[in-house]
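Participant: The structure's right below; bear with me while I get my questions together.
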Amino acid sequence: MTEHPKIAIRNLYKIFGSDPEAMVPKVKEGMGKAELLKEHSHVLGLQDINVDMRRGEITVIMGLSGSGKSTLIRHLNGLIKPTAGQILLDGTDVAGLTGAPLRELRRFRMSMVFQNFALMPHMRVQQNVEMAQRARGDSEADARRNALKWLERLGLKGFESYYPQQLSGGMQQRVGIARALASNSDVMLMDEAFSALDPLIRTDMQNLLLELQKELDKTIVFITHDLDESLKIADHLVILKDGVVVQQGEPQDIILNPADNYIQKFVNDINLARVLRAESAMIPGIVTNSGTDGKVDADDNLEHLIARSQGDVTRSFLVMKDGVPVGVVKMADVFKALVPRGARREQPGEIPRRDQHDQQQQEHAL
């Protein structure tokens, strides 16, 4: 049985203006963002968004400024109400929650980490981390014990009595993450959480998030405008443009199969060898290590494989995932994967790559 998504967004529209509900039919009939603004003085924020966010995964919403990514995440915890559509949390529509049910959602089910840290400047570090628990009525002892646990886990032991302004930007963001984790919520929302940090600190924070996620298995929704950051942390990547989902899916698949020229422009600017993984270039199936030149991990990037092979196109490696062989990666396929998509040409009579892999997988299984 397929597991239901933790969060399911269905047919979500957000239109800003004096009569947004009346504009929904016009948008559904094909009226675009510019036309809606010019003729009706309404702004189209989100258009027919459909996204599944699975429990235990990091869903990254990526887009340039004005794409609607921050508008989207603010719908999840009720900071913005949709014009039309549903936001299902464990099957329950939270889009219309108000009053006590909405407060319960924010206190118990969702926590949020902001770009500008959003710490209380008059409170000490420990008090900031205790906020969520104290607000929902947990005992002082429980809140203190939990806060100290997370401060130590995030490398902030000894800074409990400091004020936020006495800390560096990276340390302040660690406090914000500790506060979100201390709430023990099902879902953690992160809106451009690392964008204000210096590059080295930002990399450290990304690594910390991935390390914590392995332990906690939370459902995380992460907003960013940075493709490299998206590719590093995303299990599921959603790319927005002008309030519309242009493409979504597993990051490796988006890199290898961009939906249009807009996505292609993003892909052209990245180092494919550094972001593509062995799993994305391998031939999957039931395999043995016979005839291969060693083992690699499914998550090893192609840069690592090229170094292992010393550039020898004739070599191949057994691909391992969680200690189990899942396929074979041929260095010839690795180098093909690094050829820009626009430069690739199918040879006459050649089986298209996806069909070729399917055929080889069937052969291995026989």
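The values are calculated or read from the model by the stated rules, or taken from the named source; none is laboratory data. Source: prediction; values computed, not measured. Ideal geometry is used to build each Cβ from the backbone, glycine not excepted, and the neighbour counts take in all protein chains shown.
Participant: Do the conditions hold for SER168, that is, is it more than 25 Å from SER67 (Cα to Cα), small (Gly, Ala, Ser) and either modelled with pLDDT of 90 or more or in the same structural domain as ILE263 (by TED's automatic domain parsing) (or both)? Working first, answer last.
Facilitator: Numbers: more than 25 Å from SER67 (Cα to Cα): yes; small (Gly, Ala, Ser): yes; either modelled with pLDDT of 90 or more or in the same structural domain as ILE263 (by TED's automatic domain parsing) (or both): yes.
It is true that SER168 is more than 25 Å from SER67 (Cα to Cα), small (Gly, Ala, Ser) and either modelled with pLDDT of 90 or more or in the same structural domain as ILE263 (by TED's automatic domain parsing) (or both).
Participant: Check the range 101-108 and report whether any residue there is at pLDDT 90 or above and farther than 19 Å from ILE73 by Cβ.
Facilitator: There is at least one residue in the range 101-108 that is at pLDDT 90 or above and farther than 19 Å from ILE73 by Cβ.
Participant: Determine which single condition VAL244 fails, assuming it passes every other condition in (1) in contact with an Asp or Glu (Cβ under 8 Å, 6 or more places away or on another chain); (2) under 30 Å from GLU35 (Cα atoms); (3) free of Cβ contacts under 8 Å to residues at least 24 places away in the same chain.
Facilitator: It is condition (3) that VAL244 fails.
Participant: Select, from ASP299, ASP312, the only residue that is part of a loop (DSSP other than H, G, I, E, B) and either in contact with a strand residue (DSSP E or B) (Cβ under 8 Å, 6 or more places away or on another chain) or hydrophobic (A, V, I, L, M, F, W, C) (or both).
Facilitator: On the way: ASP312 fails: either in contact with a strand residue (DSSP E or B) (Cβ under 8 Å, 6 or more places away or on another chain) or hydrophobic (A, V, I, L, M, F, W, C) (or both).
None of the others qualify; the one that does is ASP299.
Participant: Within the set of pairs 6+ apart or on separate chains, which have a first residue in the range 105-119 that is within 11 Å of GLU192 (Cβ to Cβ), a second that is part of a loop (DSSP other than H, G, I, E, B), and C-beta atoms under 6 Å apart?
Facilitator: Taking only residues 6 or more apart or on different chains, the pairs are VAL113/ALA193; GLN115/GLU192; GLN115/SER195; GLN115/ALA196.
Participant: Among the residues of the range 215-224, is any assigned to a helix (DSSP H, G or I) and in the same structural domain as VAL113 (by TED's automatic domain parsing)? Give the derivation first.
Facilitator: To start, the set of residues in the range 215-224 that are assigned to a helix (DSSP H, G or I) comprises 215-216.
Okay, now just the ones that are also in the same structural domain as VAL113 (by TED's automatic domain parsing), so 215-216.
Yes, the conditions are met somewhere in the range 215-224.
Participant: Test ALA332 against the criterion of being free of Cβ contacts under 8 Å to residues at least 24 places away in the same chain and closer than 30 Å to LYS33 by Cα, and give yes or no.
Facilitator: On the way: free of Cβ contacts under 8 Å to residues at least 24 places away in the same chain: yes; closer than 30 Å to LYS33 by Cα: no.
Considered against the rule, which asks whether it is free of Cβ contacts under 8 Å to residues at least 24 places away in the same chain and closer than 30 Å to LYS33 by Cα, ALA332 comes out as no.
Participant: Out of the range 65-99, which residues are among the β-branched types (Val, Ile, Thr) and closer than 20 Å to GLU3 by Cα? Walk me through how you get there before you give the answer.
Facilitator: The initial filter retains those residues of the range 65-99 that are among the β-branched types (Val, Ile, Thr), namely 71, 73, 80, 83, 87, 92, 94, 98.
ILE87, THR92, VAL94, listed by residue number.
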